[in-house]
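The structure under discussion appears below in the form of structure tokens.
Values quoted throughout were computed directly from the atomic coordinates according to the rules given, and no laboratory measurement underlies them. In this text the structure is predicted, and so the values were computed from the model without any measurement. Glycine also receives a Cβ, built like all others from the backbone with ideal geometry; neighbour counts cover every protein chain displayed.
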Amino acid sequence: MSKFSFRLDPVLGHRERVEHERAGDHARALADQLAAQRMHDEILEKRDMLRLRLVREHAVFDAETLRATYTHLDYLDRALVASQQRVDACAAETDRARLRLVDAAKDRKVLDTLKERRREAFQLDAALADQRELDDQNARSFERAHPFEGLPS
């Protein structure tokens, strides 16, 4: 029996490599998004802590400390806007990378399905060929065992 050979195996290998690369790109984009989100959360926490401290200790602060605190809060508010923009940009890039990964997976899956169907067709053809061979062997064996049974008298 001959061995199954899929002629598009090189293409399938290429598509698997592309899918693997896209999975890496998606993982990097997701890591960037998570890092940006952590940075945003840290800035948000600093701002909220400073606001709470300002509310609690407002009466004890001198004018210069109050001015510096309000200036720093303004800075943190601007940093929050910038960090949210970074988070949004990273999320958009992660979505694009995910879509590219899904497309690569679909491309690979198409060839996987084709390969599987061709393998099934090959196995069916091989089974039919084996059956024909067995039928021929049985017919020859029967003819040898009963040489004159099928002839008219």
**Prompt:** Pairing the Cα long axis of helix 63-145 with the longest principal axis of the chain, what angle in degrees results, from 0 to 90 and rounded to the nearest 10?
**Reply:** 0 degrees
**Request:** Would you order Met49, Met39 from fewest to most other beta-carbon atoms within 10 Å of each residue's own beta-carbon?
**Result:** Met49, Met39
**Prompt:** Relative to the longest principal Cα axis of the chain, at what angle does helix 9-57 sit, 0 to 90 degrees, rounded to 10?
**Reply:** 20 degrees
**Prompt:** Can you give me the relative contact order of the chain as a percent, contacts being Cα pairs under 8 Å and 6 or more apart?
**Reply:** 42 percent
**Message:** Quick check: pseudo-label points 7 Å beyond the Cα along Cα→Cβ at Phe6 and Arg78, how many nm apart are they?
**Reply:** 5.8 nm
**Prompt:** In segment 100-135, which trypsin sites (Lys or Arg not before Pro) are in a loop and have at most 14 other Cβ atoms within 10 Å, using DSSP for the loop call?
**Reply:** none
**Complete:** The longest stretch of the chain containing none of the chymotrypsin sites (Phe, Trp or Tyr not before Pro) that sit in a DSSP loop with at most 13 other Cβ atoms within 10 Å is 5-147
**Message:** If you take percent of Cα pairs over 22 Å apart from the coordinates, which of (1) 70; (2) 40; (3) 49 do you get?
**Reply:** (1)
**Asked** In the neighborhood of Ala29, defined by Cβ-to-Cβ distances under 11 Å, what is the net charge if each Lys or Arg adds +1 and each Asp or Glu adds -1?
**Response** +1
